[in-house]
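A short write-up of the structure that comes next.
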Amino acid sequence: MDETFQAEQRHLSETYATLVELRDELTQDIEVRHKGIAKDLADMAEEVSLDFVGLDETMETLAAVETLNAVIDAYNQYHDAAIAKLQRVYLLLSQPYFAKVRLIMRPGRPPRDVYIGTAGVTTQDGTPLIVDWRNPIAETYYNQEMGMTSYKVNDRVRTVELTLRRQYDIVRDQLRMYFDTTVAIQDSLLLGALKRHHTEKLQAITATIQREQNQIVRHDDVPALLVNGIAGSGKTSVMLQRIAFLLYRQRDTLDASQVYLFTPNTVFASYISSVLPSLGERNPRTFTWDSFLAELGLSERSSGADGGSASLEVLEAAVPTLELEEEDLRGISVGDVQLLKASQVKAAVKKFSRFPVGRRFSALVKDDLHARLERRFAQLAANDEVQEEMLSLDLDEQVELFGHTIDMPDEQETLALTQTYVEHLYGSAHDAIEAATWLRIDRIGMRILGRSSISAAEWLYLSMLITGVDGRNARYVMIDEVQDYTTTQLMVLARYFSRAHFLLLGDEHQAIREGTASFAEAKQIFATTHGQLEECLLRTSYRSSPEITELFASLLDAGERMSLSSVRRPGRAPVIVSCDDVDGYLETLRSLVAQASTEEGLTAIIAHDRERARWIARKLGEGVKRVHRGDKLPAQGVIVLDLGLAKGLEFDQVIIPDAQESVYPATDLARRQLYTAISRAMHQVSVVSQGAMTPLLKARA
């Protein structure tokens, strides 16, 4: 028996036992403390007498309440920390760690073994047991540099000597295998992971992040970063690991709700939804372009994504010299109650007419309107009918609104209570002012563009130009499959999230629609809004076999083709078949489906468009499942979907029907579409045509 294996198994068993012990101790501690603290808090609460009769009594009451609140806050902090640690322990019980590095921290010092896992945890006395993969010291593992290497802590570079880089295949407390590796091509964990079959959910790549991927995951925090990677290079996985890295490194200041992720469609969103939870992190806010517009209340309009950016440029040029007209303004109402008349809005606008229309102008007008609204609230609170309405509230309504019942209030107290009542009824008018509903954005836009309507993109862009309203809560915005976005979409998102840092991921060769923005155009847009855009390249395929990689690479220019590679072991040769008639074509598809049904994993028939997907699903019958927008992918079987839905996904086998010239002609767009379809395959790809094969693959037929 391998002595090293035995030693590693002993260490794993000890570590697992410690994790189990931690789990049990934390569980018991939380339960016992929860009961004890709950009783202490109840006793303290009973001792607090609410006495507001005199100044001294009021001060004592407030001090007692403050003490009670401080105890509650301290308990909540302890409880939250204990729960978070317990969650990390549970996460590690399925696989305590996946790697170890042996480091000489300083010359002459004994080496230190650092075990790396998907989460970090310490023993009860504070001794590090397992280091989180996002911890700075774990960078020595991902650097893949034996000997002298370095990592960065608080912007300071620390140099150490790496004497051992070991990977593990572990399930719970059982060591199945270990590998000592130095460079990517010998990355045994990676090669083992690449043998796997498709799963209905994307899996985390934490243990197998390669050096070029790690440079993106741990990249300096820059205003905008473009990741330009070939199909299967792990762009989406890297993006999710990057999100996890940012959430870990900025734990005290960054929340998942401040990260916005834009995905191609809801099928893709479901596909990636389990990665971050598997790393102990919450998913960010996830949108498609359409759901983003719907969130802003713009779903009833045409999206304007494909309308071209010329209209946005016209709007931008017009706003600095824009003069608002009376018909461009409206009053502020809540329900049927008008709180500010259009004439009052006009007066506020006129008051600041010396300023050009824009963010500063709108801020000044809003401040004035808020002040006018407060005066209106005061008038309403002094109204006898409104006061009677407030006094007639039933007891439950009084407690809900004021926190107590009303008992014979004097005139001053009645006025104060009515003011609270009025603000409860009409406080949303302040939100309406902030949202600039007092501006008729539609009318202004139609007047500038000389049209009878404007799109959602145009409305939002003009609103931002005039009011400065934007997504200021967002700290990071991730756009996957960025090659499918138009200049209009990118201009809108770059301006709306102007305060956020962007990560853009895509492959220009997978731009499957006409009219999308080139990477050069994307760079120009973000250079304008964010000052700079850095670019990283990913040129290695981790998804497809060498044979499949070579097939989709053959659709590229010779120079670019030479820079692409696959790290997978050799697999099966692609199947490329031309059929003389429809009957032979359908028989070939049925044969491929029958064969695929006997094998493990998921096979996708990727049709060029929805109509072809519908026809093929009907012809093939019950042997295949048609996947629609919004569906979740099954774990295995044979499915039919259109190319638009297949974007970003991967499958064990791919069958590409209708590969004839009429569907995939010798054009740049068809080349990109075929490249995208082929590159969805991991292990096997079959291309079938009705009649002569597309000239893009004619040499292969």
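The values are calculated or read from the model by the stated rules, or taken from the named source; none is laboratory data. Computed from a predicted model, the values in this text were never measured in an experiment. Neighbour counts run over all protein chains shown; Cβ positions are idealised from the backbone, glycine included. Just the protein is used for accessible areas: all its heavy atoms, side chains included, with ligands, DNA and RNA removed. Shrake-Rupley method; radii C 1.70, N 1.55, O 1.52, S 1.80 Å.
The table that follows gives values for the structure above.
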{"read-out": "Where the chain is the region considered: accessible area per residue in Å², 1.4 Å probe", "value": "47 Å²"}
{"read-out": "Positive-end residue of Ile332, Val575, Met105, charge dipole of the chain with Cβ unit charges", "value": "Val575"}
{"read-out": "Total charge dipole magnitude, the range 416-490, about the Cα centre, Cβ charges on Lys, Arg, Asp, Glu only, Debye to nearest 20", "value": "360 debye"}
{"read-out": "Descending principal axes extents, the range 230-366, alpha-carbon based, whole Å", "value": "57, 37, 31"}
{"read-out": "Cα-based helix-to-principal-axis angle, 55-93 vs the chain, degrees rounded to 10", "value": "10 degrees"}
{"read-out": "Rounded to 5, percent antiparallel among DSSP beta bridges of the chain", "value": "40 percent"}
{"read-out": "Potential extension, Val222-Val153 segment - 0.36 nm per residue separation minus Cα distance", "value": "23.1 nm"}
{"read-out": "For Val687, distant residues with modelled amide H under 5 Å away", "value": "Val575, Ile576, Val577, Ile656"}
{"read-out": "Share of carbon and sulfur in the accessible heavy-atom surface of the chain [1.4 Å probe, %]", "value": "49 percent"}
{"read-out": "The chain: Rg to Rh, with Rh as the Kirkwood radius over Cα pairs", "value": "1.04"}
{"read-out": "Degrees separating the helix 668-678 axis from the principal Cα axis of the chain, which is the longest one", "value": "80 degrees"}
{"read-out": "Degrees between helix 3-47 axis and first principal axis of the chain (Cα, 0 to 90, nearest 10)", "value": "10 degrees"}
{"read-out": "Per residue convex hull volume, Cα atoms of the range 370-527, in Å³", "value": "191 Å³"}
{"read-out": "The range 643-701 - Kirkwood radius from inverse mean 1/r over Cα pairs (Å)", "value": "11.6 Å"}
{"read-out": "The range 540-670 - charge dipole about Cα centre, Lys and Arg +1 at Cβ, Asp and Glu -1, debye rounded to 20", "value": "560 debye"}
{"read-out": "Filtered trypsin sites (Lys or Arg not before Pro), the range 213-272: DSSP coil and at most 16 other beta carbons within 10 Å", "value": "Arg251"}
{"read-out": "Unit charges on C-beta of K, R, D, E only; dipole of the chain, Debye", "value": "3800 debye"}
{"read-out": "Rough spin-label spacing in nm, given labels placed 7 Å along Cα→Cβ, for Glu323 and Asp410", "value": "5.6 nm"}
{"read-out": "Kirkwood-type radius of the range 445-599, with distances r between different C-alpha atoms, in Å", "value": "19.7 Å"}
{"read-out": "Cleavage-rule hits (trypsin sites (Lys or Arg not before Pro)) in the range 462-524: DSSP loop, at most 16 neighbouring Cβ within 10 angstrom", "value": "Arg472, Arg499, Arg513"}
